[in-house]
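Heads up: the structure comes next, in structure tokens.
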Amino acid sequence: MGSRAKTYDYGNCHVCGERMEPRQIKQDFWIKDKLVVIEDVPAGVCPQCGERVVNAETGRRIAALIGSLKQPRRKRTLSVPVFSLLKEVA
Ligand SMILES: [Zn+2]
């Protein structure tokens, strides 16, 4: 019933056994050939070796976000030189 946000217990680092600290991290993902960065990802970060883990709910949210980014959006922009007949006459 505290006013602070509930922090998830990430347990101990599976690499070195150090206690994981809850942090907000930036996580980068390659989606096809584009690098996407998701900010404010709640994660457990190991202060010892830098290992990062996210909990299942965060993992689902990231997957959903990436899934929405992957939607085929075949929109291309073309820049075309525009000519004016008025200028040609001048
Ligand atoms: Zn570690």
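Within the set of pairs 6+ apart or on separate chains, which have a first residue in the stretch 44-62 that is within 19 Å of Val15 (Cβ to Cβ) and modelled with pLDDT of 95 or more, a second that is within 16 Å of the ligand (Cβ to nearest atom) and of a type in the set (D, E, K, R), and C-beta atoms under 6 Å apart? Taking only residues 6 or more apart or on different chains, the pairs are Val45/Glu21; Val45/Arg23; Val45/Arg52; Cys46/Glu18; Pro47/Glu21; Gln48/Glu18.
Residues that are under 10 Å from Arg52 (Cβ atoms) and more than 10 Å from the ligand (Cβ to nearest atom) within the stretch 9-29 comprise Tyr10, Arg23, Ile25, Gln27, listed in sequence order.
The values are calculated or read from the model by the stated rules, or taken from the named source; none is laboratory data. Keep in mind that what you see is a predicted model, and the values were worked out from it rather than measured. Glycine gets a Cβ as well: all are built from the backbone with ideal geometry, and neighbour counts include every protein chain shown.
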